[in-house]
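To start, the structure itself, in structure tokens.
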Amino acid sequence: MSTAPDQVFDVSPDGDKHELKRVMGPKLLLLFIVGDILGAGVYAVTGTMAGTVGGIVWLPFLLAFVVATLTAFSYLELVTQYPQAAGAALYTHKAFGIHFVTFLVAFAVVCSGITSASTSANVLAQNFFGGLAINGWMDVPAQGVITAVAMGFMLLLAVINLRGVGESVKFNVVLTIVEMTALCIVIGVGFYVMAQGTGNPAEIFVFNDYQDKGLFLAVTAATSIAFFAMVGFEDSVNMVEETRNPEKIFPRTMLTGLGIAVILYMLVAVSVVSVLSPTELENIREAEGAALLEVVHKGSPDFPIDRIFPFLAVFAVANTALINMLMASRLIYGMARQNVLPRPLGKVLPTRRTPWAGILFSTVLALFLIWYVTSDPKSNVVANLSGTTAFLLLLVFTVVNVACVVLRRKRDPNRKVFFTSPGPSPLVAALLCAFLAGPWVGRNIIQYQIAGGLMAIGVVLWFITYLINKRTNTAEGEPVGIQKVGKDDRLPPPPHGP
């Protein structure tokens, strides 16, 4: 089923355009992008990466940054050409005009939010109990207790989501400062250890083939893992309608934000290698989301900073999970309102006006994911959930990069161009994203099973909705991101944040 792309993204049934208030300048946009990238990613994947490549753990962060930057070029070309808050779904439909393809991209984004929130819930539980243990309040409990707390946290997020959460740019600034402070603590501990002459700076350029993969495959696998820490920049395109002069400030600001993030990540990697021995680097993957906590604990035995750090990490990770679930539930609501998913998923609470059906659906999926991954005692929970998130987004990025190539050919020669990605960079980015999504990077089979299962659920729901629409002669609505809703049913735009 296809439609003319330019006829799809109307703002309302009567064609009226309700513009959002443009409140973000370059400074606030930069803080938004940096905070969105940092989030839970570096806490979740650093241990797994170190246990894959050893001392050169900084290199996969750098390579992931290169791939992310090439993809960011495509996003910048598209967002300056189509400055509307719909992101990947908009670009996909503009390029191909096929509702089902647009749905797959949109639902993949939904699933990535759910898997990312599930990752964050496990990282939060691990750091929470790690903080209690370091302060001497209790011993680290069994995995079953950690899983129960992670699931309980997801239920708490659902309650908060049901009540309605007003996210503001100023609140995002505070959260970003907290996140950067926690990472600066890790960096400071590493450089303090090196200054004391007790660190291992020589290990920074040493490749340790802990898993007998060879240099190329090990670095490739670690780069695929590191990509989870680099995502988030793409969310900023959904703020385009709330940014002043977006065509001018978006390119420089997004690239600056990516640069700041990768510098922090590489400094964190250097600190990890400096503090831990090669044997500890090999075993740190077992710490999963608490890897950075172990670095701070070992590197600052005479300071109480390690007693505070895990709770800073909990705060940063909790916010990431909340934003992920807010996004997922609103996208489900939007697709249901547009007759792309079953209409009952678009129901809202009569008083709070929050999408309770979308919240329930996304929460149940998240709880099932946590249970499913932790049911195998040998499974690396954080690595599998974060890897699934990276896999889904790599597929989305592949489509967006291809869409950039297609739309460049369709570009109106008389329309002013604000940004063009360098030469063949969209094609190169598409190939790199597709390569990192492949099985040759050593991705655990369970990650493909999770992603395939989630997408299969979406396709089944879409097909059921398609049959209902066909029987009732109801047209499939616009793609996710631009919602046609009645005046009494309108929800605020999907919130975004770190």
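Sort out which residues of the range 271-298 are outside any helix (DSSP H, G or I) and within 26 Å of the chain's Cα centre (by Cα), and write them in order of number. First the steps, then the outcome.
Going residue by residue through the range 271-298, those that are outside any helix (DSSP H, G or I) are 276-277.
Selection gives nothing.
Which members of the range 368-392 meet the condition of being in contact with an Asp or Glu (Cβ under 8 Å, 6 or more places away or on another chain) and open to solvent by less than 20 Å² (accessible area, probe 1.4 Å)? Reasoning before the result, please.
As a first pass, look at the range 368-392 and keep what is in contact with an Asp or Glu (Cβ under 8 Å, 6 or more places away or on another chain): 380-383.
Of everything in the range 368-392, those that are in contact with an Asp or Glu (Cβ under 8 Å, 6 or more places away or on another chain) and open to solvent by less than 20 Å² (accessible area, probe 1.4 Å) turn out to be Val381, Val382, Ala383.
Looking for whichever is under 29 Å from Phe153 (Cα atoms), surrounded by fewer than 16 Cβ atoms within 10 Å (Cβ to Cβ) and of a type in the set (A, V, I, L, M, F, W, C) here; the options are Leu365, Leu360, Leu349. Which one fits? Break it down stepwise before answering.
Numbers: Leu365 fails: surrounded by fewer than 16 Cβ atoms within 10 Å (Cβ to Cβ); Leu360 fails: surrounded by fewer than 16 Cβ atoms within 10 Å (Cβ to Cβ).
After applying the criteria, what remains is Leu349.
Filter the range 42-65 for residues that are part of a helix (DSSP H, G or I), hydrophobic (A, V, I, L, M, F, W, C) and more than 17 Å from the chain's Cα centre (by Cα) and give the result. Working first, answer last.
Step one: of the range 42-65, the residues part of a helix (DSSP H, G or I) are 42-53, 58-65.
If we keep only those that are hydrophobic (A, V, I, L, M, F, W, C) as well, we get 42, 44-45, 49-50, 53, 58-59, 61-65.
Met49, Ala50, Val53, Trp58, Leu59, Leu62, Leu63 - these are the residues of the range 42-65 that are part of a helix (DSSP H, G or I), hydrophobic (A, V, I, L, M, F, W, C) and more than 17 Å from the chain's Cα centre (by Cα).
Can you confirm whether the range 129-136 contains a residue that is on the phi > 0 side of the Ramachandran plot and open to solvent by 10 Å² or more (accessible area, probe 1.4 Å)?
Taking the range 129-136 and keeping what is on the phi > 0 side of the Ramachandran plot, we get 136.
In the following step, the residues that additionally are open to solvent by 10 Å² or more (accessible area, probe 1.4 Å) were identified as 136.
So far as the range 129-136 goes, yes, one or more of its residues are on the phi > 0 side of the Ramachandran plot and open to solvent by 10 Å² or more (accessible area, probe 1.4 Å).
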Residues that are farther than 19 Å from Ala366 by Cβ, hydrophobic (A, V, I, L, M, F, W, C) and open to solvent by less than 50 Å² (accessible area, probe 1.4 Å), drawn from the range 460-473: Trp462
Pair list, Cβ under 8 Å, 6 or more apart: the range 408-432 residue part of a loop (DSSP other than H, G, I, E, B), other residue among the aromatic types (Phe, Trp, Tyr): Phe419/Phe250; Ser421/Phe73; Pro422/Phe73
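With Ala451, Ala429, Ala403 as the choices, which residue is surrounded by 13 or more Cβ atoms within 10 Å (Cβ to Cβ) and under 17 Å from Thr220 (Cα atoms)?
Numbers: Ala451 fails: under 17 Å from Thr220 (Cα atoms); Ala403 fails: under 17 Å from Thr220 (Cα atoms).
The match here is Ala429.
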Considering residues of the range 322-356 that are farther than 21 Å from Val105 by Cα and in a helix (DSSP H, G or I) only, the residue modelled with the lowest pLDDT: Leu322
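Check the range 436-443 and report whether any residue there is assigned to a helix (DSSP H, G or I), open to solvent by less than 70 Å² (accessible area, probe 1.4 Å) and touching a helix residue (DSSP H, G or I) at 6+ places or on another chain (Cβ under 9 Å).
Within the range 436-443, the subset assigned to a helix (DSSP H, G or I) is 436, 439-441.
Okay, now just the ones that are also open to solvent by less than 70 Å² (accessible area, probe 1.4 Å), so 436, 441.
Still in the running and touching a helix residue (DSSP H, G or I) at 6+ places or on another chain (Cβ under 9 Å): 436, 441.
Scanning the range 436-443, I find at least one residue that is assigned to a helix (DSSP H, G or I), open to solvent by less than 70 Å² (accessible area, probe 1.4 Å) and touching a helix residue (DSSP H, G or I) at 6+ places or on another chain (Cβ under 9 Å), so the answer is yes.
Go through the range 367-400 and count every residue that is hydrophobic (A, V, I, L, M, F, W, C) and within 15 Å of the chain's Cα centre (by Cα).
So the answer is 11.
The values are calculated or read from the model by the stated rules, or taken from the named source; none is laboratory data. These numbers come from a predicted model, not from an experiment. Don't worry about glycine lacking a Cβ; one is built from the backbone with ideal geometry, like all the others, and counts go over all protein chains shown. Each accessible area value is taken on the protein alone, full model and side chains, heavy atoms only, with ligands, DNA and RNA left out. Shrake-Rupley method; radii C 1.70, N 1.55, O 1.52, S 1.80 Å.
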